[in-house]
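Okay, so here's the structure we're looking at.
The values are calculated or read from the model by the stated rules, or taken from the named source; none is laboratory data. Remember, it's a predicted structure, so these values are computed and weren't measured experimentally. Positions of Cβ are backbone-derived with ideal geometry, glycine not excepted, and every protein chain shown enters the neighbour counts.
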Amino acid sequence: MTTANPLDDQVDGARRRPGVLSWYDAARHALDRPLTAYYLLLGASALLLTIGLIMVLSASSVYSYRQNDGNSYAVVTRQLMWVAIGVPCAWVASRLSHSFLRRVAWLALIVSIVLLALTQLGLGRTVNGNTNWLGVGPFVVQPAEIAKLSIVLWAAHIYALKEKRLSSLHEVLVPVVPGMLVVVALVVVGHDLGTALVLMAILLAMLWVVGAPARLFSVSLTVIGVVAIWLASTSAERRQRLTNFADPFKDFHNAGWQPAHGLYALSSGGWFGEGIGASRQKWGDLPEAHTDFIFAVLGEELGLVGTLLVVALFLTIAFAAVRVATHTSDPFVRYATFGIVVWLLGQMIINVGMVLALLPVIGIPLPLVSYGGSALVPSLVALGLLIGFARREPEAAQALAQGKKARSAGLSAGRVSN
């Protein structure tokens with residue numbers, strides 16, 4: 001004989017009362033639908049991309065006017081070109097089969113390593129002290145951004161092959177760790193410490209999701225911290241940023257200039273902002289206003305509400321992706337999804353932390369929002385892969401097929417009645 005739980009009775013009674021807990025039931029029902037992850041990924045990505053284009057237009061207008069003979073739209077025009085390239089690439093990525101992605105994983109890694117190596121062999125271009133751009137004529141690309149996607153797919157492929165052998169530490173480490181460290185080393189040689197830290201975060205995340213022992217993380221984090229501080233100390237500019245980031249006003253006219261004006265922008269935005277196009281910091285006081293510090297301009301023009309909306313959209317992508325990863329039975333999808341989430345969400349956290357002066361300025365763009373095709377296109381392709389993973393879930397695929405049949409039947413009935 002079972003005894004009824006009084007708490008369950010109270011909850012059931014509350015749900016039977018009109019309006020009480022109905023919102024909770026509705027939200028839970030909506031989140032449990034097969035296509036929820038698919039629509040959340042699609043909607044959040046589209047909104048972030050739209051916000052990014054609006055903010056690039058606003059944040060770059062003064063810079064464009066000064067650098068392009070009075071053309072205020074030069075930067076946003078180039079960004080639109082990259083969007084026109086990236087969106088079709090994302091659509092294609094969403095249709096690629098898992099088997100095809102796994103077949104090209106090794107090729108993607110090798111191409112990334114070759115491109116990174118070429119930046120140090122005479123074809124590299126130095127920007128802001130970092131030799132991390134590859135230029136051939138007018139074509140300039142940042143290979144490290146391509147490498148982020150490549151290592152995620154490659155590591156996911158390797159770990160999917162070893163799914164039943166991952167209880168062995170050797171199987172966990174080899175060849176993923178050596179392969180990723182080669183990529184990180186090439187990035188570090190180019191003096192791009194920020195991107196190297198993002199790559200290491202992806203590596204640690206992949207190790208965590210496959211069940212690497214906890215002691216490995218304590219050792220790894222200690223080593224990464226020591227090496228990062230040592231590398232930062234080898235550059236006078238990085239050393240100043242590292243020692244002044246917590247109080248940028250201490251060295252306001254030197255290392256603290258950029259983060260201090262970022263804080264000025266955010267503080268002047270208030271709750272609802274000054275309005276789109278009304279930023280004052282973008283007129284020259286805030287360096288890299290349309291790239292690394294676009295979040296500051298966003299906060300100035302759209303206020304706290306705008307910044308929270310952007311953060312919420314990134315968290316929505318993370319929630320939907322984790323839902324895909326936890327519902328799939330394909331280990332490749334699980335590992336690739338988790339790697340992409342850590343990459344995009346990690347970059348968002350670092351970028352926002354830089355603007356809020358919680359982290360040193362290390363030159364990390366805000367995914368989908370900051371200007372730059374080298375970062376935008378791989379990010380869109382990664383999101384396209386996530387959307388493809390979501391739409392191929394068995395229940396989601398069935399729901400999409402039923403919806404397609406229903407639309408076809410409706411069109412047929414309409415033709416007959418006409």
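Which members of the stretch 362-381 meet the condition of being outside any helix (DSSP H, G or I), β-branched (Val, Ile, Thr) and within 21 Å of Val75 (Cβ to Cβ)? Steps first, answer last, please.
Within the stretch 362-381, the subset outside any helix (DSSP H, G or I) is 362-372.
With β-branched (Val, Ile, Thr) added as a condition, the list becomes 362, 364, 369.
Hits for the stretch 362-381 are Ile364, Val369.
Quick check, is Ser72 free of Cβ contacts under 8 Å to residues at least 40 places away in the same chain, part of a loop (DSSP other than H, G, I, E, B) and of a type in the set (Ser, Thr, Tyr)? Spell out the reasoning first.
Working: free of Cβ contacts under 8 Å to residues at least 40 places away in the same chain: yes; part of a loop (DSSP other than H, G, I, E, B): yes; of a type in the set (Ser, Thr, Tyr): yes.
It is true that Ser72 is free of Cβ contacts under 8 Å to residues at least 40 places away in the same chain, part of a loop (DSSP other than H, G, I, E, B) and of a type in the set (Ser, Thr, Tyr).
If I ask for residues that are farther than 20 Å from Ala93 by Cα and over 14 Å from the mean Cα position of the chain (by Cα), which ones from the stretch 332-370 would you list?
Within the stretch 332-370, Gly353, Met354, Val355, Leu356, Ala357, Leu358, Leu359, Pro360, Val361, Ile362, Gly363 qualify.
Could you name every one of the helices (runs of 4 or more DSSP H) located completely within the stretch 185-299 that has at least 2 residues being of a type in the set (Phe, Trp, Tyr)? Before the answer, list the steps.
Details: elements: 193-209, 214-233, 236-244, 257-269.
Where helices (runs of 4 or more DSSP H) fall fully within the stretch 185-299 and carry at least 2 residues being of a type in the set (Phe, Trp, Tyr), they are 214-233, 257-269.
Tell me the residue from Ala44, Ala84, Ala26, Ala30 that is in contact (Cβ under 8 Å) with a residue 60 or more places away in the chain and small (Gly, Ala, Ser), please. It would help to see each step written out before you state the result.
Details: Ala84 fails: in contact (Cβ under 8 Å) with a residue 60 or more places away in the chain; Ala26 fails: in contact (Cβ under 8 Å) with a residue 60 or more places away in the chain; Ala30 fails: in contact (Cβ under 8 Å) with a residue 60 or more places away in the chain.
When all the criteria are applied, what remains is Ala44.
Could you list all residues from the stretch 196-242 that are under 23 Å from Ala156 (Cβ atoms) and either of a type in the set (Lys, Arg) or touching a residue at least 60 places away in the same chain (Cβ under 8 Å) (or both)?
Matches in the stretch 196-242: Leu197, Val198, Ala201, Ile202, Ala205, Met206, Val209, Val210.
Do the conditions hold for Val114, that is, is it of a type outside the set (Gly, Ala, Ser) and more than 20 Å from Asp292 (Cβ to Cβ)? Even if it seems obvious, please write down each step before you answer.
Values: of a type outside the set (Gly, Ala, Ser): yes; more than 20 Å from Asp292 (Cβ to Cβ): yes.
When the stated conditions are applied, Val114 passes them.
Residues checked against (1) touching a residue at least 60 places away in the same chain (Cβ under 8 Å); (2) in contact with a Lys or Arg (Cβ under 8 Å, 6 or more places away or on another chain); (3) buried (at least 19 other Cβ atoms within 10 Å of the Cβ); (4) not hydroxyl-bearing (Ser, Thr, Tyr):
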{"residue": "Gly269", "(1), (2), (3), (4)": "no, no, yes, yes"}
{"residue": "Lys282", "(1), (2), (3), (4)": "yes, no, yes, yes"}
{"residue": "Pro287", "(1), (2), (3), (4)": "no, no, no, yes"}
{"residue": "Ile294", "(1), (2), (3), (4)": "yes, no, yes, yes"}
{"residue": "Thr307", "(1), (2), (3), (4)": "no, no, yes, no"}
{"residue": "Phe314", "(1), (2), (3), (4)": "yes, no, yes, yes"}
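Could you say whether any residue in the stretch 25-42 is at pLDDT 95 or above and over 19 Å from the mean Cα position of the chain (by Cα)?
No: zero hits.
Would it be correct to say that Thr328 is closer than 30 Å to His261 by Cα and polar (S, T, N, Q)? Can you show your working first?
Details: closer than 30 Å to His261 by Cα: no; polar (S, T, N, Q): yes.
Against the criterion (closer than 30 Å to His261 by Cα and polar (S, T, N, Q)), Thr328 does not qualify.
Among the numbered conditions (1) modelled with pLDDT under 95; (2) more than 13 Å from the chain's Cα centre (by Cα), tell me where Leu302 comes up short.
All conditions are met except number (1).
Looking at the stretch 172-186, which of its residues are among the small types (Gly, Ala, Ser) and either out of contact with any helix residue (DSSP H, G or I) (no Cβ under 8 Å at 6 or more places or on another chain) or free of Cβ contacts under 8 Å to residues at least 60 places away in the same chain (or both)?
Restricting attention to the stretch 172-186, the residues satisfying the condition of being among the small types (Gly, Ala, Ser) are 179, 185.
Correct list: Ala185 only.
Across the stretch 72-106, what is the total count of residues that are surrounded by fewer than 18 Cβ atoms within 10 Å (Cβ to Cβ) and small (Gly, Ala, Ser)?
5
For the stretch 287-302, which residues satisfy the criterion of being more than 17 Å from Ser72 (Cα to Cα) and among the aliphatic types (A, V, I, L, M)?
Ala296, Leu298, Leu302
Among the residues of the stretch 316-353, what is the count of those that are assigned to a helix (DSSP H, G or I), free of Cβ contacts under 8 Å to residues at least 40 places away in the same chain and not hydrophobic (A, V, I, L, M, F, W, C)?
Going through the stretch 316-353 one residue at a time, the tally reaches 2.
Got a sec? Which of Gly403, Gly373 is of a type outside the set (Ser, Thr, Tyr), surrounded by fewer than 24 Cβ atoms within 10 Å (Cβ to Cβ), in contact with a Gly (Cβ under 8 Å, 6 or more places away or on another chain) and modelled with pLDDT under 95? Can you show your working first?
Numbers: Gly403 fails: in contact with a Gly (Cβ under 8 Å, 6 or more places away or on another chain).
It is Gly373.
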